[in-house]
Amino acid sequence: MELHPRHAWDLTPAEAVAIQRRLRSEIVADRAIDLGAVRLVAGVDVSVKNERSRAAVVVVTFPGFLLVETAVAERPTPFPYIPGLLSFREGPVLEEAFGRLRAEPDVFLFDGMGTAHPRRIGIASHMGLWLQRPTIGVGKTRLVGTNAPLSEEKGAHVPLIDRGETIGAVVRTRTAKHPLFISPGHLADIPSSIELVLACSPKYRLPEPIRLAHKTAGNF
């Protein structure tokens, strides 16, 4: 599929932070996804082993989750692990995997953050600028923010707040299991992101597209 790269990846951490601050103003995080028009959803994940990164983009039908296409890429890991700068560690290998896609997903679900990020531009937001398609961040652990108590039932959700701003939601995708931290990436909003993630999680804690991507990315 066609990509829209915004910068090179050979950067220092200070340069990476400056780019995040510059690109943040371009993120659209208040546009509802037209869920009735969604036919293909992609799950996106990257695994790192022995300083090599393997990206997987798994495209499935929605609803139904039938496999349509899998794109993978592998290369040396180019950037250190620094919280808040994940996209600079995983972006290059993801760019390669996205470039191999023949399908045109309507929405991309990322194993990582969207606006639930200190500078409001996690990997789902950042790579959303490359994709120019709706993207959603699905974090397994909290990066930033606080929330009110969350009930144990599947479907329960409460706002995720940072410095007085609602940056996402804490969402229970399976009863009595740890919640996920959901936020818009780009060309999405919080309510439709929650609705789609729950619709993609009929059985497991992780949404099915991400679960499939995680298994593929980890298959070194």
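Listing for the model above:
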quantity: Qualifying positions in segment 200-218 - within 23 Å of Phe98 (Cβ to Cβ) and either assigned to a helix (DSSP H, G or I) or open to solvent by 10 Å² or more (accessible area, probe 1.4 Å) (or both); calculated: Leu206, Glu208, Pro209, Ile210, Arg211, Leu212, Ala213, His214, Lys215, Thr216, Ala217, Gly218
quantity: Single residue of Leu3, Leu67 found to be open to solvent by 70 Å² or more (accessible area, probe 1.4 Å) and touching a Leu at 6+ places or on another chain (Cβ under 9 Å); calculated: Leu67
quantity: Subset of segment 1-60 (residues that are under 22 Å from Ala97 (Cβ atoms), among the acidic types (Asp, Glu) and part of a helix (DSSP H, G or I)); calculated: none
quantity: Matching residues in segment 139-154 - criterion: being surrounded by 14 or more Cβ atoms within 10 Å (Cβ to Cβ) and either polar (S, T, N, Q) or in contact with a helix residue (DSSP H, G or I) (Cβ under 6 Å, 6 or more places away or on another chain) (or both); calculated: Asn147
quantity: Given (1) farther than 21 Å from Val197 by Cα; (2) crowded, with 24+ Cβ neighbours inside 10 Å, index of the condition Arg102 fails; calculated: (2)
quantity: Where Pro184 falls short, out of the listed (1) in a strand (DSSP E or B); (2) surrounded by fewer than 18 Cβ atoms within 10 Å (Cβ to Cβ); (3) of a type outside the set (S, T, N, Q); calculated: (2)
quantity: Among (1) outside any loop (DSSP other than H, G, I, E, B); (2) crowded, with 24+ Cβ neighbours inside 10 Å; (3) among the aliphatic types (A, V, I, L, M); (4) touching a Lys or Arg at 6+ places or on another chain (Cβ under 6 Å), the one test that Leu109 misses; calculated: (4)
quantity: Positions within segment 35-55 being touching a residue at least 60 places away in the same chain (Cβ under 8 Å), out of contact with any Cys (no Cβ under 7 Å at 6 or more places or on another chain) and aliphatic (A, V, I, L, M), in sequence order; calculated: Leu35, Ala37, Val38, Leu40, Ala42, Val44, Val46, Ala55
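The values are calculated or read from the model by the stated rules, or taken from the named source; none is laboratory data. Treat the numbers as computed from the prediction; the structure is a model and nothing was measured. Methodologically, a virtual Cβ is constructed for each residue, glycine included, from the backbone with ideal geometry; neighbour enumeration extends over all protein chains shown. For the accessible areas, the whole protein counts, side chains as well, though only heavy atoms, and no ligand, DNA or RNA atoms are used. Shrake-Rupley method; radii C 1.70, N 1.55, O 1.52, S 1.80 Å.
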